[in-house]
1. Applying the selection to region 139-154, what residues are under 20 Å from THR123 (Cα atoms) and open to solvent by 10 Å² or more (accessible area, probe 1.4 Å)?
2. Hey, among ASP182, ASP199, which residue is farther than 17 Å from LYS127 by Cα and open to solvent by less than 30 Å² (accessible area, probe 1.4 Å)?
Amino acid sequence: MEGGAASEKQNAAGESTTASYTYWVREVTQDAAPLPVPRKLTPQDLSSHSQSTNHLGSAWNRVDEIGSDDYEYAEDDSGMAETLIEAGTWEEKNLNKWASDRIKELLQSVDSLEFSGGRADITEVSKCVGDAFLVTVRKKKRVGYTYELTLRVKGEWFIGEEKKKIKGYIDLPEFSFGELDDLQIDVRLGEEEDLLHQDKLRISKDLKLFLQPVCEKLRQFEQELKER
């Protein structure tokens, strides 16, 4: 349809009156609305449109629901990233170095354990792989971490009538914040240990007693993480 024309109707006296609205007709009349005039976009128009759409799309890669432990952030040239942080809307802090150092320090401070047939110590955290972070969303803090650990242990046990030095490892498969109640450990003895199967089982069972003191240290780590 090419134009809008005023609608006419007759009153009771048979006189023609003009309605207060227009409608589209194919033929242009005197009362028709003016046709739209095309206008070529200028470079300024294109630039303004591009900036207005890019600001929203590039500021975030992904933001999960508030309360989630996982956030990703992408800075853009517009400065919107800095604006969000300055406004206190969102901020993520990497705590990997502090967390790894603190976990090693705490676990290496676990006391020696005495068993009926020997004793053992944690001598080193030989594997400490993971990450920890602090996320602030609308001034509310959320912390989280995921780690996988291996502890080196040394001890002495009576094997028959002989006291023998034993080396081994305690593996803690990947665990995260709030999962310590379900934490499990696996024990591996040094490959060079020439022991009977029953002696290996006894030593492995003794070393699994480290689970409780290790969990206590990790709970201390979680508390310190929440207080940062």
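1. Hits for region 139-154 are GLU148, THR150, ARG152, LYS154.
2. Result: ASP199 is the single residue among ASP182, ASP199 that is farther than 17 Å from LYS127 by Cα and open to solvent by less than 30 Å² (accessible area, probe 1.4 Å).
The values are calculated or read from the model by the stated rules, or taken from the named source; none is laboratory data. All figures in this text were calculated on a predicted structure; none of them were measured in a lab. SASA here: full protein model, heavy atoms, side chains in, ligands and nucleic acids out. Shrake-Rupley method; radii C 1.70, N 1.55, O 1.52, S 1.80 Å.
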